[in-house]
Amino acid sequence: MAVITIANLTKQFGGLIAVENLDLEVKEQSIHSIIGPNGAGKTTLFNCITGFYRPEIGDILLDDHSLVGLLPDQIVRHGIARTYQNIRLFPDLTAMENILVGMHSHLRAGYFGTVLGLPAMRKEEKDANEEALRLLKFVNLAGKGDLLAKNLPYGNQRRLEIGRALATRPKVLCLDEPAAGMNPRESQDLMDFIRHLRDALGITIFLIEHQMRVVMGISEKVTVLDYGKKIAEGTPAEVQANPLVIEAYLGRGSATQASAA
Amino acid sequence: MNPVATQGFPSIRLGLIGGASLVLLSLIGMVEAFNQREIVSDVISMGQTLLLFTAVFIAYLAAIRGRERGQRQVFGAGITAGLIMAGLLALLVLLGHGVNMRQVFINASPALFQTLIFQQEELWAGIGLLLLAGAVTGLSAGLLCLLPGQLRHFLISGLCSVAIVGLLQDMIAPVLSEWGPLADLNDLLFPGNGLSVSGAIGLFIAVVVLTAVWSFKGQAMQTRIQALPPRSRRGLNLAAVLVGVCVLLVLPQVLGLFLSEVMTIIGLYVLLGLGLNIVVGFAGLLDLGYVAFFAIGSYTQAILTSPELGFFNWNFWQALPLAVFFGVMAGVILGVPVLKMRGDYLAIATLGFGEIIRILVLSDFLRPWLGGAQGIGKIPKPEIAGFEFATPPQLYYLILAGCVLVWFISWRLRDSRLGRAWMAVREDEDVAQAMGINLVATKLLAFATGAGFSALSGAIFATKLGSVYPHSFNVMISINIICVIIVGGMGSMPGVTVGALALVGLPELLREFADYRLLVYGAALVAMMLLKPEGLWPEPTRQRELHEVEIAAEPAPLAEEPVGPRS
């Protein structure tokens with residue numbers, strides 16, 4: 001069952017076509033990776049899915065609902081959460097507050113209820129705090145809730161950002177280069193964590209990644225983009241053997257040399 | 001290498017900067033104007049104090065630079081800076097004696113030069129004394145620098161208290177003299193213009209002892225309070241709040257008419273500040289046209305109540321909800337077109353909105369309804385069951401009630417879902433939206449809440465003055481409120497109060513020096529940004545962040561730390 005269906009998607013910036021006629025299906029509860037050289041349109045695709053960009057042509061479906069034309073805050077309520085290539089936490093809020101902001105759309109507290117301190121609002125706030133603490137523990141940040149996000153070490157920030165995305169209770173989690181800047185051991189831990197996420201929470205992971213070790217290690221399906229077009233799709237092994245992929249990464253002629261060797 | 005060349009340079013530079021500041025303070029007339037007030041009778045005047053504090057501060061900075069190069073450089077650096085500052089002042093005096101500068105600097109009077117050379121008859125003796133004073137200043141700054149940190153803290157607290165008490169003598173003396181036993185103290189402290197010598201010394205010693213006791217015992221007391229069970233700690237907090245409320249309630253009875261009036265002005269600014277704090281401090285939307293909502297509140301109140309226009313003739317309480325409502329609506333109306341704007345663009349657009357409102361109320365076109373340049377008068381005072389809020393002490397209670405209400409709403413909202421949404425928008429609008437926050441609703445609620453508070457303040461302002469005029473609502477009010485928030489601490493509610501006391505209360509108390517108000521404002525803002533960018537009373541988390549950079553600087557244990565739970 002496809003949870004995200006992208007049909008004939010095109011996004012242009014002036015004369016530059018960032019994504020062109022893209023068709024893509026992401027299976028439910030799968031780990032699906034997007035790879036491609038720099039400027040291939042991977043992050044643009046993420047921005048289209050999460051509502052930051054509005055595509056010119058084509059459709060994006062979550063289950064059966066079209067997401068095109070919705071605002072980012074509406075899309076996250078439909079169940080798609082994301083992280084960013086260069087971490088974008090709320091730097092001057094504490095780790096705990098970052099998570100609580102992620103839970104925004106699940107809380108009901110209104111203006112006057114808050115001012116009057118109605119019992120329902122107090123209970124909701126207490127429950128939200130407990131859930132946030134559980135989430136902090138889940139991303140291995142227990143006890144760091146009171147630290148400002150910007151004072152956390154890099155690895156912690158990455159995990160806090162994932163925790164904040166999980167706080168929106170997503171069906172699909174879009175991770176934009178989660179292993180950027182990590183050493184082999186850390187990326188191994190990250191891979192374990194992503195698998196654990198999928199198994200424990202039953203969500204779909206949609207991933208952009210540059211580190212081939214990570215991509216090939218955890219993906220069930222890999223889609224390769226180059227100049228905004230899909231040039232290959234399949235299991236990691238299939239994609240690695242595809243001459244078009246080798247050409248896109250290493251340049252024309254490399255594929256023939258590789259097959260000759 | 002020449003030791004002077006390597007070690008003297010920072011102190012020479014600082015000395016030149018300090019000297020230039022002192023010459024400027026003298027030439028713009030601050031020293032002379034401040035000389036009318038004595039801090040300690042016949043010992044030191046306010047003008048001299050101003051020069052002395054500046055000089056000591058600069059020499060102290062030089063001494064600190066010197067200390068980085070070894071203990072022995074401290075005095076050298078301090079004295080160098082002190083001598084350069086005194087030298088520049090001496091040059092000014094010599095120049096003043098040779099050339100008539102009053103064509104350009106009207107304040108460069110012989111009286112000023114006499115002050116600078118300590119009223120000496122002989123010019124050269126005076127200049128020698130000035131240079132000696134510079135050297136002594138540098139020497140004492142060096143000593144101050146070498147003292148252990150705590151002792152230095154006590155001394156500076158003591159000196160500053162004496163200066164502040166001397167500065168505010170006109171307020172303190174009348175209040176003290178009304179209270180039987182304190183009246184004797186008053187005679188002891190303030191025999192004439194300024195503190196008595198014995199009074200100043202007594203005050204200095206008392207403050208030093210108090211700060212010393214607090215710094216040694218305070219820590220222990222705080223840890224003991226921390227160790228209490230949560231229930232009794234909450235009881236203690238409640239008791240503190242109750243004491244605070246009692247103090248606030250009896251304040252106008254103690255302070256008398258003039259100071260109560262000052263308190264009402266401060267209170268109105270606290271109301272305005274708390275409102276703008278929601279817009280600027282919480283939601284990060286820089287609104288420079290905030291005075292518009294103040295004006296809308298005032299004018300709504302005036303139109304609905306004033307018999308001069310005779311439209312409605314309502315009483316205060318009937319008109320108040322409508323004034324606040326119109327403020328809120330104006331907040332939404334301003335909010336809608338500027339939703340997509342950020343930072344500088346938002347500031348400019350809101351600035352324009354503020355001016356539009358001011359020009360509208362000033363216009364002849366709307367004169368039949370808004371009174372034009374003559375404004376609207378005869379606005380009735382509020383009344384509850386025959387009790388009229390007419391005098392400043394009575395109005396004080398009305399404003400206090402408003403402040404408490406607005407404070408409560410701000411406090412409830414800050415730690416709620418909405419407050420977090422505001423702060424998320426302040427930190428990163430795009431990400432906030434990607435976390436499910438509806439930007440339109442969130443921003444409009446911030447504008448509307450802030451505008452409502454401002455309109456409330458405006459309505460009370462109108463009834464307090466009894467009349468409204470367009471010129472009460474110029475852009476300086478908006479700027480003042482922004483300054484109050486910045487100086488107090490962005491996003492901090494106690495900070496707004498402290499900022500209003502410092503930036504609105506103090507200038508009201510020092511009315512006779514109103515000429516220099518903006519100068520001091522500017523200097524205070526620059527000094528705040530350099531020395532305490534988080535504000536006088538920042539939010540607890542913000543304080544932690546700016547002053548404990550060590551936490552952030554701690555090397556990130558990347559390699560050892562697992563990235564996720566290992567199952």
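Ranking B:Gln374, B:Leu362, B:Gly450 by how far each Cα lies toward the positive end of the dipole of chain B (charges on Cβ) leaves B:Gly450 at the top. Could you tell me which of A:Ala200, B:His97, A:Ala167 has its Cα farthest along the dipole of the protein assembly as shown towards the positive end, charges placed at Cβ (Lys, Arg +1; Asp, Glu -1), taken about the Cα centre? The one lying farthest along the dipole's positive direction is A:Ala200. For a straight C-alpha distance cut-off of 17 angstrom, the aspartates and glutamates reachable from A:Lys11 (same-chain residues fewer than eight places away being disregarded) are A:Glu20, A:Asp23, A:Glu56, A:Asp59, A:Asp226. Simple rule: put +1 on each Lys or Arg Cβ and -1 on each Asp or Glu Cβ in chain A, find the dipole, and look at A:Phe138, A:Ala18, A:Ile75; the Cα lying farthest toward the positive end is A:Phe138. Could you compute the longest span of chain B free of trypsin sites (Lys or Arg not before Pro) located in DSSP loops and having at most 14 other Cβ atoms within 10 Å, not counting the site residues? Longest run free of exposed loop sites: B:103-339.
Can you give the relative contact order of chain B as a percent, counting alpha carbon pairs under 8 Å and 6+ residues apart? Please list the in-between numbers first.
Details: 806 pairs, mean separation 82.5, N = 567.
RCO, chain B: 15 percent.
Stretched out straight at 0.36 nm per residue, the stretch from A:Tyr227 to A:Asn38 would grow longer than its current Cα-Cα span by 67.1 nm. Here the dipole of chain B is about 1000 debye; that uses its Cα centre as origin and unit charges on the Cβ of Lys and Arg (positive) and Asp and Glu (negative).
Can you check how the C-alpha radius of gyration of region B:298-447 compares to 2.2 N^0.38 Å, as a plain ratio? Show your work: numbers first, answer last.
Numbers: Rg = 19.1 Å, N = 150, 2.2 N^0.38 = 14.8 Å.
Normalised Cα radius of gyration, region B:298-447: 1.29.
Pairs of C-alpha atoms in region B:210-352 farther apart than 26 Å represent 56 percent of all such pairs. Where a ≥ b ≥ c are the square roots of the eigenvalues of the C-alpha gyration tensor, would you call region B:132-216 rounded, which needs a/c under 1.5, or, failing that, prolate if a/b is larger than b/c, or oblate? The shape class here is oblate.
Looking at the square roots a ≥ b ≥ c of the eigenvalues of the Cα gyration tensor of the protein assembly as shown, which shape do they give, rounded for a/c under 1.5, prolate if a/b is larger than b/c, or oblate?
On the way: a/c = 2.18, a/b = 1.56, b/c = 1.40.
It comes out prolate by the Cα gyration axes.
Pairwise alpha-carbon distances in region B:236-541 exceed 36 Å for 15% of all pairs. In this rough spin-label picture, where each label sits 7 Å from Cα along the Cβ direction, the A:Leu118-A:Asn183 distance is 5.3 nm. Amide H contacts of A:Ile34 (H built 1.01 Å from N, in plane; Pro and chain starts excluded): A:Leu207, A:Ile208, A:Glu209, A:Thr223 sit under 5 Å, all sequence-distant by 5 or more or on other chains.
When exposed loop sites are taken as trypsin sites (Lys or Arg not before Pro) in a DSSP loop with at most 14 other Cβ atoms within 10 Å, the longest stretch of chain A clear of them is A:109-251. Altogether, the Stokes-Einstein calculation at 37 °C and 0.692 mPa s, with the Kirkwood radius of chain A over Cα pairs as Rh, returns a diffusion coefficient of 168 µm²/s.
Mean residue ellipticity at 222 nm, helices only, chain B: -23500 deg cm²/dmol; runs of at least 4 DSSP H residues each add -39,500 (n - 2.57), and the sum is divided by the number of residues. The Cα trace of region A:92-157 gives Rg and Dmax of 13.2, 40 Å, the first to one decimal, the second as a whole number.
Straight-distance candidates among the aspartates and glutamates for linking to B:Lys464, with alpha-carbon spacing under 15 Å and chain neighbours fewer than 8 residues away dropped: B:Glu261, B:Glu383, B:Glu388. Here chain B was treated as a single set of alpha-carbon atoms; its pair distances binned every 20 Å from 0 give 17, 44, 33, 6, 0 percent.
Shielding of A:154-162 by partners, i.e. mean partner chain Cβ atoms within 10 Å per residue?
Values: counts 2, 8, 5, 1, 1, 4, 0, 1, 2.
Whole-number average of other-chain Cβ neighbours for A:154-162 is 3.
Dipole magnitude for the protein assembly as shown: about 800 debye, using +1 per Lys or Arg Cβ and -1 per Asp or Glu Cβ, origin at the Cα centre. By the helix-only formula, in which each DSSP H run with n ≥ 4 contributes -39500 (n - 2.57) and the sum is divided by residues, chain A has a 222 nm mean residue ellipticity of -12000 deg cm²/dmol. Shown for B:Val404, B:Val498, B:Val440: other C-beta atoms within 10 Å of each C-beta, ranked fewest to most, produce the order B:Val404, B:Val440, B:Val498.
The three principal axes of the Cα atoms in region B:64-216 give end-to-end lengths of 55, 44, 26 Å, sorted in falling order. Less than 5 angstrom separates the built amide H of A:Val19 from those of A:Lys11, all sequence-distant by 5 or more or on a different chain. Of B:Val468, B:Val31, the sequence from fewest to most neighbouring Cβ atoms within 10 angstrom is B:Val31, B:Val468. Find out how many positive minus negative residues lie around B:Val406, taking Lys and Arg as positive, Asp and Glu as negative, among other residues whose Cβ is under 14 Å from that of B:Val406. Local charge sum for B:Val406: +2. Report the FRET efficiency, 1/(1 + (r/R0)^6), for B:Gln219 and B:Gln120, where r is their Cβ-Cβ distance and R0 is 51 Å, rounded to 0.05. Given R0 = 51 Å and the Cβ-Cβ separation, E is 0.55.
With a 10 Å cut-off around each Cβ of A:189-198, the average count of Cβ atoms from other chains is 3. Within a straight-line Cα-Cα reach of under 12 Å, B:Lys378 can be paired with the following aspartates and glutamates, leaving aside sequence neighbours fewer than 8 residues apart in one chain: B:Glu308.
Charge tally for A:Ala40 (other residues, Cβ to Cβ under 12 Å; Lys, Arg +1; Asp, Glu -1): +1. Take the residue pairs A:Lys171/A:Lys221; A:Lys230/B:Lys340; A:Lys123/B:Lys340; A:Lys42/A:Lys171 and return only those whose Cα atoms are more than 24 Å apart. Too far apart for the 24 Å limit: A:Lys230/B:Lys340; A:Lys123/B:Lys340.
Taking amide H positions as modeled 1.01 Å from N, with prolines and chain starts lacking one, the residues under 5 Å from B:Leu195 and 5 or more places away or on another chain are B:Val40, B:Ser41.
Laboratory data are not the source of any read-out in this text; all were calculated from the coordinates shown. The model shown is predicted, which means the values in this text are computed figures rather than measured ones. Virtual Cβ from ideal backbone geometry, glycine too; neighbours counted across all protein chains shown.
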